[in-house]
Amino acid sequence: MKIVVIIATLGRKEQIVPLLSHMEAQSRLPDEVVISAPDSSHIGDLGAFSFPVTTLFGAVGLTVQRNAGLDYVGDRFDVITFFDDDFIPAGNYLQRVAEAFAANPDWAVITGRVLKDGATTEGLTWWQGLQALHAAPDRDPPGGLVEDRVSAYGCNMSLRSSMVQSLRFDERLVLYGWQEDTDFTSQLRRRGRVVRVNNIVGVHLGVKSGRVSGERFGYSQIINPVYLIKKGTVPANYLLPLIARNLLANIVRSLRPESYVDRRGRLRGNLLALLHLAKGRITPEYIFEL
């Protein structure tokens, strides 16, 4: 079973070499790693690794960059794994993904369990991420090993290539692409199961560089889910509570914002999006104008 890893990156060249070096210790090495970036300044000098590394350069945007990777790999691999550039996989990550797909031919998508997620905090350093990974017990977690999900978590998700076929990420979800992972992998539920396997693990550092402004992100928090509901790819009962939680969090926390989140900018973006919705305007691309 051949595995390719695709990493879309922007403005985080300091993350790339440590991640590739860390992947050298995988018990099952990738057959190729593809790095999709706007240009070489986002990657830096890579050096040599135990697996082939291919770089792709093109337009800016998570969906566009991931699609460039999918177009490049085509049907040459059995499994396509997406890692964020700030995700640290456990040493047996790819081995367990390959074993799980081989044992379950009806599975379309596997996402791993995130042991610690810096995206919900001020973020983690590489050293803190490694500590969290090494501190995790090497045994099956309590409760169910496999959970069916509406969608995968985009920082780490593996796809059965034969079920992906011509499906691509929606490029109307521009720049940071909020909920692009939900849209893409939710569509794959029509072709197979989307599951989280809880003994496939890693740590998400949640690096803050390379992200969009608070106002742009806040606009996407409202508009992108509504766009997907209208598109019909993700259930409304999954996305509407997400919209409500984000809006409430931005209202409450804008009074005393965290140092690492632009809550007031997000709230401004939320309110502008609600105004546009009241006018019947559902345009994810509008963030280019903010």
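The values are calculated or read from the model by the stated rules, or taken from the named source; none is laboratory data. All values reported here derive from a predicted model rather than from experimental measurement. Every residue, glycine among them, receives a Cβ derived from its backbone with ideal geometry; neighbour counts consider all protein chains shown. We work out accessible area using only protein heavy atoms, side chains counted, and drop any ligands, DNA or RNA first. Shrake-Rupley method; radii C 1.70, N 1.55, O 1.52, S 1.80 Å.
Among DSSP bridges having both ends in the chain, what percentage is antiparallel? Round to the nearest 5.
Restricted to the chain, the bridges split so that about 40 percent are antiparallel.
Scan around Ile200 for amide H atoms under 5 Å from its own, H built in the peptide plane at 1.01 Å from N, and keep only partners 5 or more places away or cross-chain.
Correct list: Arg113.
In whole percent, how big is the carbon plus sulfur part of the accessible area of the stretch 2-82, probe 1.4 Å, protein atoms only?
With neighbouring chains kept in place, the figure for the stretch 2-82 is 52 percent.
Rounded to the nearest 0.05, what FRET efficiency is calculated for Val17 and Lys231 with R0 set to 41 Å and r the Cβ-Cβ distance?
0.60
Counting only protein heavy atoms and a 1.4 Å probe, tell me what percentage of the stretch 100-211's accessible area is made up of carbon and sulfur.
Carbon and sulfur atoms account for 50 percent of the accessible area of the stretch 100-211.
Quick one: if the Förster radius is 45 Å, what FRET efficiency do Leu274 and Glu147 give, using the C-beta to C-beta distance and rounding to 0.05?
With a Förster radius of 45 Å, E is 0.85.
Along Cα→Cβ, 7 Å out, is where each label goes; now give me the distance between the ones at Ala244 and Leu130 in nm to one decimal.
Those two pseudo-labels are separated by 4.4 nm.
Which value, in debye to the nearest 20, describes the size of the charge dipole of the stretch 216-280 about its Cα centre when Lys and Arg Cβ atoms bear +1, Asp and Glu Cβ atoms bear -1, and nothing else is charged?
120 debye
For the chain, what does the helix formula give at 222 nm: sum of -39500 (n - 2.57) over DSSP H segments with n ≥ 4, over the residue count, nearest 500 deg cm²/dmol?
That calculation yields -11500 deg cm²/dmol at 222 nm.
Can you give the relative contact order of the chain as a percent, counting alpha carbon pairs under 8 Å and 6+ residues apart?
Taking the mean separation of contacting Cα pairs over the length of the chain, I get 20 percent.
Using amide H atoms built 1.01 Å from N in the peptide plane, name the residues 5+ places from Trp107, or on other chains, whose amide H lies under 5 Å from its own.
Amide H neighbours of Trp107, under 5 Å, 5+ apart: Arg193.
Tell me the per residue accessible area of the stretch 1-149 using a 1.4 Å probe; a whole number in Å² is fine.
Per residue, the stretch 1-149 has an accessible area of 44 Å².
Give, in nm to one decimal, the length gained when the segment between Ser166 and Ser27 is fully stretched (0.36 nm per residue of separation minus the Cα-Cα distance).
Between Ser166 and Ser27, full extension yields 47.0 nm more.
In percent, how large is the relative contact order of the stretch 1-123, given Cα pairs closer than 8 Å and 6 or more residues apart?
Relative contact order for the stretch 1-123 comes out at 35 percent.
Please list the three semi-axes, largest first and in whole Å, of the ellipsoid equivalent to the stretch 34-158, using sqrt of 5 times the eigenvalues of its alpha carbon gyration tensor.
Listed largest to smallest, the semi-axes of the stretch 34-158 are 25, 20, 15 Å.
Given a 1.4 Å probe and heavy atoms of the protein chains only, how would you sort Lys208, Lys230, largest accessible area at the top?
Descending accessible area places them as Lys230, Lys208.
Using amide H atoms built 1.01 Å from N in the peptide plane, name the residues 5+ places from Ile6, or on other chains, whose amide H lies under 5 Å from its own.
Amide H neighbours of Ile6, under 5 Å, 5+ apart: Val34, Thr81, Phe82, Phe83.
Determine the gain in length on full extension of the stretch Asp75-Asn198; use 0.36 nm per residue of separation and subtract their C-alpha separation, reporting nm with one decimal.
41.5 nm
Give, in nm to one decimal, the length gained when the segment between Met1 and Leu46 is fully stretched (0.36 nm per residue of separation minus the Cα-Cα distance).
Value of the extension gain: 13.6 nm.
Along the Cα→Cβ direction, 7 angstrom out, place labels at Thr121 and Asn104. What is the inter-label distance in nm?
So the label points at Thr121 and Asn104 sit 2.9 nm apart.
Taking a probe of 1.4 Å, how large is the accessible area per residue of the stretch 210-267, in Å²?
That works out to 51 Å² for each residue.
What's the lysine pair count for the chain at a Cα cut-off below 19 Å, pairs eight or more apart or interchain?
4
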